[in-house]
Amino acid sequence: MAALALALSASPALAATIEVTIDKLVFSPSSVQAKVGDTIEWTNKDVIAHTATVKGGWDVMIPAKSKGKVTLKAPGAVDYFCRFHPNMKGHVAVTP
Ligand SMILES: [Cu+2]
């Protein structure tokens with residue numbers, strides 16, 4: 001198992017999944033780093049729905065007590081927010 005983990009981390013082409021938790025209307029961590037091809041997966045612990053929305057970009061619905069995800073297709077720094085609670089903000093720095 002340890003050898004497998006080493007092999008995985010040594011392969012830069014392998015896409016990763018970055019976990020972000022939503023708890024009490026807060027994205028945590030609020031800022032993450034990712035590479036093109038990686039997936040961000042949000043786990044919503046709240047009893048209300050949220051979104052992860054980028055103006056002119058992706059719009060991910062994250063239902064209450066559920067998950068939502070997006071695969072990053074372009075490099076760049078993006079700020080996202082929740083359409084229902086505009087004070088909820090997150091940031092993703094996507095490297096090529
Ligand atoms: Cu929200």
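So T53 clears everything in (1) surrounded by 15 or more Cβ atoms within 10 Å (Cβ to Cβ); (2) over 14 Å from the mean Cα position of the chain (by Cα) except one condition, right? Which one?
Only one criterion in (1) surrounded by 15 or more Cβ atoms within 10 Å (Cβ to Cβ); (2) over 14 Å from the mean Cα position of the chain (by Cα) is unmet by T53, namely (2).
Hey, can you tell me all the residues within the range 1-35 that are modelled with pLDDT of 95 or more, among the aliphatic types (A, V, I, L, M) and assigned to a loop (DSSP other than H, G, I, E, B)?
Within the range 1-35, A16, L25, V26 qualify.
I'd like the full set of residues that are away from the ligand (no atom under 15 Å from the Cβ) and under 16 Å from S28 (Cβ atoms), limited to the range 40-68.
Matches in the range 40-68: I40, E41.
Any idea how many residues of the range 72-90 are surrounded by 14 or more Cβ atoms within 10 Å (Cβ to Cβ) and away from the ligand (no atom under 16 Å from the Cβ)?
Residues flagged as surrounded by 14 or more Cβ atoms within 10 Å (Cβ to Cβ) and away from the ligand (no atom under 16 Å from the Cβ) within the range 72-90 amount to 2.
Say whether the condition of being among the hydrophobic types (A, V, I, L, M, F, W, C), within 18 Å of I18 (Cβ to Cβ) and not in a loop (DSSP other than H, G, I, E, B) is met by at least one residue in the range 68-75.
Yes, the range 68-75 contains a residue that is among the hydrophobic types (A, V, I, L, M, F, W, C), within 18 Å of I18 (Cβ to Cβ) and not in a loop (DSSP other than H, G, I, E, B).
Has the range 56-64 got at least one residue that is closer than 16 Å to A16 by Cα, under 10 Å from the mean Cα position of the chain (by Cα) and not in a loop (DSSP other than H, G, I, E, B)? It would help to see each step written out before you state the result.
Our first condition is that a residue be closer than 16 Å to A16 by Cα; within the range 56-64, this holds for none.
Looking through the range 56-64, none of the residues is closer than 16 Å to A16 by Cα, under 10 Å from the mean Cα position of the chain (by Cα) and not in a loop (DSSP other than H, G, I, E, B).
Select from the range 60-71 the residues that are surrounded by 14 or more Cβ atoms within 10 Å (Cβ to Cβ) and either among the charged types (D, E, K, R) or at positive phi (or both) and list them in ascending order.
K69
Let me confirm something: among A52, A74, A34, A64, which residue is among the small types (G, A, S) and touching a residue at least 40 places away in the same chain (Cβ under 8 Å)?
A34
The values are calculated or read from the model by the stated rules, or taken from the named source; none is laboratory data. Bear in mind that the values here come from a model prediction, so they are computed numbers and not experimental data. Every residue, glycine among them, receives a Cβ derived from its backbone with ideal geometry; neighbour counts consider all protein chains shown.
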